[in-house]
Amino acid sequence: SLFKSFNWITTIKTNGNYLAAHPEIISELLKLGVRGIGIDLDGTKNFHDSMRNKNGHFDQSVENIKRLIAYSDILHVSATTVVTKENIACLPALWQKVSEINPHRWRLLPIETMGRSNDGKLALSLKEFRWLADFLLAINIQNRGQKKTQAELGCVGWTGAAYEGRIR
């Protein structure tokens, strides 16, 4: 494969719909050199299903993550949540579910003001962003040195000396 010839580490982020219908694709992806797969979790069950406009999608995503964890010795498994004003309050409950499933990593990405969120109504306030950073820090302190899900902040700029390097 081209990726293997360049010695690149290939990862995929997906909503998991194809994976749910065709679980055999995992072995094919591994043969191609894929070494990481991330599945979206938009919030707790009702919120996630509403965002995806599909009843049962949350359960499907959880099952996909569990299916991938069976390959965790050679595959990095992550759950990804885009954090908005609408789902920030459910993060502690979602963390309970994510920690039960125990993927390698839970990536939380504050929504950016572009595309469907261009009006900024879903963007986090500074107070909400600080809460999110403290939430992640508390998880990582609790899980330090254990084989438990690592929580991280993804895709934002400098978080300041108090957080940088401790939450991602």
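The values are calculated or read from the model by the stated rules, or taken from the named source; none is laboratory data. Please read these numbers as outputs of a predicted model, since none were measured by experiment. Cβ placement follows ideal geometry from the backbone for every residue including glycine, while neighbour counts extend to all protein chains displayed. Note: accessible area is taken over every heavy atom of the protein model, side chains too, but ligands, DNA and RNA are not part of it. Shrake-Rupley method; radii C 1.70, N 1.55, O 1.52, S 1.80 Å.
Side notes on the structure shown:
- Within segment 114-124, the set of residues being touching a residue at least 12 places away in the same chain (Cβ under 8 Å) and either over 17 Å from ALA89 (Cβ atoms) or surrounded by fewer than 10 Cβ atoms within 10 Å (Cβ to Cβ) (or both) comprises just one member, SER117.
- Meets criteria (under 21 Å from PRO103 (Cβ atoms) and either assigned to a helix (DSSP H, G or I) or modelled with pLDDT under 85 (or both)) for GLY145: yes
- When restricted to residues that are at pLDDT 95 or above and either closer than 28 Å to LYS121 by Cβ or among the polar types (S, T, N, Q) (or both), segment 70-79 contains 2.
- Residue pairs whose Cβ atoms lie under 7 Å apart, separated by 6 or more positions or on different chains, with the first residue in segment 129-158 and farther than 25 Å from ASP73 by Cα and the second open to solvent by 30 Å² or more (accessible area, probe 1.4 Å) and not acidic (Asp, Glu), are LEU132/LEU124; ALA133/TYR163; LEU137/TYR163; LEU137/ARG166.
- From the list LYS45, LYS54, LYS127, LYS85, the lone residue that is open to solvent by 40 Å² or more (accessible area, probe 1.4 Å), in contact with a Lys or Arg (Cβ under 8 Å, 6 or more places away or on another chain) and over 22 Å from THR10 (Cβ atoms) is LYS85.
- Test: ARG166 is under 23 Å from SER61 (Cβ atoms), open to solvent by 50 Å² or more (accessible area, probe 1.4 Å) and either in a loop (DSSP other than H, G, I, E, B) or at pLDDT 90 or above (or both): no
- Filter result for ILE12 (closer than 15 Å to ARG67 by Cβ and open to solvent by less than 40 Å² (accessible area, probe 1.4 Å)): no
- The one condition in (1) open to solvent by 70 Å² or more (accessible area, probe 1.4 Å); (2) at pLDDT 95 or above; (3) under 19 Å from ASP49 (Cα atoms) that ARG67 fails to fulfil: (3)
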